[in-house]
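Trainee: What follows is a single structure, and I will ask about it in a moment.
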Amino acid sequence: MERNLLVKGGLVYDHDGDVHKPSKRDILILGDEISVIEKNIEIEKSTNAEVIDASNHLVVPGLINAHYHSHDTLCRGLFEDLPLEFWLLYTLPMGTFRSRDEIRLRTLVGALESLRCGITTVQDMLGLIPMTEENIDVVLDAYEEIGERVIFSPMVFDIPAVGMLRHRDLLPPEIQEMMGTQAGKPKEQLDMLEAQIRRRPAGGVTHWAVGPFAPQRCTIELLSGCADLANRHDLGVYIHVYETRGQVVMAREMYGEYGGSFINYLDEAGILNHRLNIAHSVWICREEMDQMAAADAGAILCFNSNMKLKSGISPMRDMRDAGMRVGLGCDNCSGSDVQNMFQAMKAYCMLGSVSDPQPGTPLSQEALRHGTLGSARSACMAHQIGALKVGYKADMMLINMNDTAYLPYNSAARQLVYSETGRSIDTVIIDGKVVMKDRVVQTINEEDLRLEVSELMRSFIPEYEKVVKEREVAIPYLKEAHQRVWDTDLGLRRFIARTQYGDGGLP
Ligand SMILES: [Zn+2]
């Protein structure tokens, strides 16, 4: 018999209600869905409901990390002070051609961290090389095992990794080889993806999306195929666009037939529409924001990795003025080193503050919407996840208000965004199942996972050290290419606090 849940007596966060002082409500969960939200629900035997005592707790919609890659979770803490292209040189090989055991463990590590931090859904834009049926099963089985909801999009590309560099000609052939000169064929990858979507259709915690890597790594043919696939299966599309200055210089200088714009390039491929989400979009210009908004296309903002990887700050206040829709993400585990949407939401508000001196900063309640409803919308899952409402999937966290983050308790929205770290989450429900109760994960044995990971790291670390040693020869060339992209004046400012990357300071 199906086990139902009654979450009783919590302060239930409602995006459309009093976001500062949510009302006390009971939530009845039947199967995987929220069935009733009322002041006082009597327990009826017929519902066979297990009661979860939520008194003295905030009950908050599960957060949705709309940009994440599980392929480098084992690289957490290994890198620092590397601009994106330098970091890719080291991190990409540590995520490719791994054993089944390692793929399972790294998926579980990221999912465990996520659910412990109230992230009930991750959009895993996975660099799965090789993309085999067997590897896809390992990943999806791991998410099912731990009970984390996933919007899965193995990345596809038909232009090799070295194509990401604006000044690749500065690199000797052996260094270009090192960066990656291989790529698959469009049709083969699309056929493979479609076969997998049919073989393991969406259901339970499994969902799909389409993940072309980036415009500079995909031909029009591949992008059109992705658009078509997404249309036929009603899926969201995620793609990295304008993450670094080098990428926008590349668009301006090498995509002249598309007006020097990757957004025009995407439009030409027929993929600029309501399904499209561009991750990062640090170096997007205002005209392109208007184009995006007109197409109902969105951005997934990943401030923490953009800062750590020296990419710059996304112009979120301009995006807001343009009316672009927005979701939030935490990105790679070795790019900001944590899967924590509280940090992502706080960065959204704080960086909004240093983007414009005038009042009008994004508010905490807006950050909470972006990290739930905005991210849900990006996956074409609006009205399914992202809020505590009748008919929505039962994805939520219970926050213990005895934590000092709520001492004293003045505003749920502000304290969730500015004070919460994830520390006070003690219970998490995903798809109607209690996956963590009183801080104990119910679905996997965490201690066993810890042992397995530490055993694996005994071979992983020497391999990582070998990769760094072999590849550091490329750094001087990358530095030169990195420096060269600053020679082109773009009229865009995405760095703050140093005059040579700003507007020259006050007169
Ligand atoms: Zn990414």
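Any read-out appearing in this document is the output of simple, stated calculations on the displayed coordinates, not a laboratory observation. Since we're looking at a predicted model, the values are computed, not measured. Counting neighbours? That spans all protein chains shown, and the Cβs are built from the backbone with ideal geometry, glycine included.
Trainee: If amide hydrogens are placed 1.01 Å from N in the peptide plane, which non-local residues have theirs closer than 5 Å to the one on Ala394?
Mentor: Glu33, Ile34, Asp431, Gly432
Trainee: Okay, moving on. Place the peptides 428-434, 402-408, 318-324 in order of packing, highest mean first, counting for every residue the other Cβ atoms within 10 Å and averaging per peptide.
Mentor: With the highest mean Cβ count within 10 Å placed first, the list reads 428-434, 318-324, 402-408.
Trainee: While we're here: State, as an integer percentage, the relative contact order of the chain based on alpha-carbon contacts under 8 Å between residues 6 or more apart.
Mentor: After rounding, I find 20 percent.
Trainee: Kindly flag which residue pairs out of Lys24/Lys437; Lys308/Lys466; Lys21/Lys437; Lys187/Lys466 have an alpha-carbon separation exceeding 27 Å in this structure.
Mentor: Exceeds cut-off: Lys187/Lys466.
Trainee: Let me ask something else about it. Let me know the longest stretch in the chain that avoids all GluC sites (Glu not before Pro) found in a DSSP loop with at most 15 other C-beta atoms within 10 Å.
Mentor: 81-507
Trainee: Treat each spin label as a single point 7 Å out from the Cα along the C-beta direction, and report the Arg320 to Phe495 distance in nm.
Mentor: 2.6
Trainee: Rounded to the nearest 20 debye, what is the charge dipole size of the chain about its Cα centre when +1 sits on each Lys and Arg Cβ and -1 on each Asp and Glu Cβ?
Mentor: 860
Trainee: Can you tell me how much longer the chain between Val51 and Met254 gets when fully stretched, taken as 0.36 nm per residue apart minus their C-alpha distance, in nm with one decimal?
Mentor: My answer for the length gained is 67.0 nm.
Trainee: Still on this structure, I have one more. Would you tally the net charge around Ser99, using a Cβ to Cβ cut-off of less than 13 Å, leaving Ser99 out, and scoring K and R as +1, D and E as -1?
Mentor: On the way: positive: Arg98, Arg100, Arg104, Arg106; negative: Asp101, Glu102, Glu134, Glu452, Glu455, Glu463.
Summing Lys and Arg as +1 and Asp and Glu as -1 gives -2.
Trainee: Rounded to the nearest 10 degrees, what's the angle between the helix 133-146 long axis and the longest principal axis of the chain, both from Cα atoms, 0 to 90?
Mentor: Taking the Cα atoms of the chain, the angle to 133-146 is about 40 degrees.
Trainee: Moving to a separate point now. So who's got an amide H within less than 5 Å of the one on Val210, skipping anything under 5 residues away but keeping other chains? H placed 1.01 Å off N, in plane.
Mentor: Gly236, Val237, Tyr238
Trainee: Where does helix 100-116 land angle-wise versus the long Cα axis of the chain, in degrees 0 to 90, nearest 10?
Mentor: The helix 100-116 is inclined about 60 degrees to the chain.
Trainee: With θ set to phi - 60° and the Karplus curve 6.51 cos²θ - 1.76 cosθ + 1.60, what are the ³J(HN,Hα) couplings of the range 221-232 in order, to the nearest whole Hz, using x for Gly and Pro?
Mentor: Once rounded to whole Hz, the list reads 4, 5, 4, 4, x, 5, 4, 5, 4, 5, 5, 5.
Trainee: Pull up all non-local amide H partners of Val326: gap of 5 or more, or a different chain, and H-to-H distance under 5 Å with H placed in the peptide plane.
Mentor: Long-range HN contacts for Val326: Ala299.
Trainee: Sticking with this structure for a sec: Could you give each residue of the range 86-91 its phi-based ³J(HN,Hα) in whole Hz, using Karplus coefficients 6.51, -1.76, 1.60 with θ = phi - 60°, and x for Gly or Pro?
Mentor: Per-residue couplings from phi come out as 5, 5, 4, 3, 8, 7 Hz.
Trainee: Now a separate question. Return the sequence-ordered ³J(HN,Hα) values of the range 340-354 in whole Hz as given by the Karplus equation 6.51 cos²θ - 1.76 cosθ + 1.60 applied to θ = phi - 60°, using x for Gly and Pro.
Mentor: Those phi angles translate into 8, 6, 5, 5, 5, 5, 5, 4, 4, 6, 5, 5, x, 5, 8 Hz.
Trainee: Compute the acute angle (0 to 90°) between the alpha-carbon long axis of helix 245-254 and the principal axis of greatest extent of the alpha-carbon atoms of the chain; round to the nearest 10°.
Mentor: That works out to roughly 50 degrees.
Trainee: DSSP loop chymotrypsin sites (Phe, Trp or Tyr not before Pro) in the range 30-102 with at most 15 other Cβ atoms within 10 Å of their Cβ, which ones?
Mentor: Phe97
Trainee: Once you have the alpha carbon radius of gyration of the chain, what is it after dividing by 2.2 N^0.38 Å, with N set to its residue count? List each step's numbers first, then the result.
Mentor: On the way: Rg = 22.5 Å, N = 507, 2.2 N^0.38 = 23.5 Å.
In units of the globular-protein estimate, the chain measures up at 0.96.
Trainee: Which whole-number percent is the relative contact order of the range 1-92 (Cα, under 8 Å, 6+ apart)?
Mentor: 30
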